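These notes are about the structure you will find just below.
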Amino acid sequence: MNEQISKYRINEYLYNLNVWQYRKAIQLLPKLLGVSLNTFHNYRKILVDDVQDIPYEKVVIMEQLFDFEPGTLASQNPEARSLKELLH
């Protein structure tokens, strides 16, 4: 059985909350992000191999809300060489 890996660590954060906090977070997060509850649940379901992404500004807001370091909401970050290295 293939384990599906989420592209973003949203569920990882939410599953570490107690039941009361989880329920409140599910109600509050879509409002703070300015999206519908359905859209928020779709964000939670995005897998690593999916081409779908969460808009950058929403990612930044969630990183701040979850106390994550900038750029760490994604489960995997692509690696790339700098443009200067490629130009040499």
Per-region count, region 39-84, residues part of a helix (DSSP H, G or I) and open to solvent by 100 Å² or more (accessible area, probe 1.4 Å):
6
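From Asp50, Asp67, which residue is in contact (Cβ under 8 Å) with a residue 12 or more places away in the chain and of a type in the set (Asp, Glu)?
Values: Asp67 fails: in contact (Cβ under 8 Å) with a residue 12 or more places away in the chain.
Exactly one residue qualifies, and that residue is Asp50.
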Considering region 35-88 alone, what residues qualify as being among the β-branched types (Val, Ile, Thr) and under 25 Å from Tyr22 (Cβ atoms)?
Val35, Thr39, Ile46, Val48, Ile54, Val59, Val60, Ile61, Thr72
List, please: which pairs have Cβ atoms under 7 Å, are six or more places apart or on different chains, and start with a residue in region 5-19 that is closer than 20 Å to Val51 by Cβ and end with one that is assigned to a helix (DSSP H, G or I) and hydroxyl-bearing (Ser, Thr, Tyr)?
Tyr8/Tyr43; Ile10/Tyr43
Within region 13-65, work out how many residues are closer than 17 Å to Asn77 by Cα and among the aliphatic types (A, V, I, L, M).
8
So Tyr8, is it open to solvent by less than 60 Å² (accessible area, probe 1.4 Å) and among the aromatic types (Phe, Trp, Tyr)
yes
Matching residues in region 1-29 (under 13 Å from the mean Cα position of the chain (by Cα) and in a helix (DSSP H, G or I)) number 6
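The values are calculated or read from the model by the stated rules, or taken from the named source; none is laboratory data. All of these numbers come straight from a predicted model, not from anything done at the bench. For neighbour counting, all protein chains shown are included, and Cβ atoms are generated from backbone atoms with ideal geometry for every residue, glycine included. These accessible areas exclude ligands, DNA and RNA; they are computed on the full protein's heavy atoms, side chains included. Shrake-Rupley method; radii C 1.70, N 1.55, O 1.52, S 1.80 Å.
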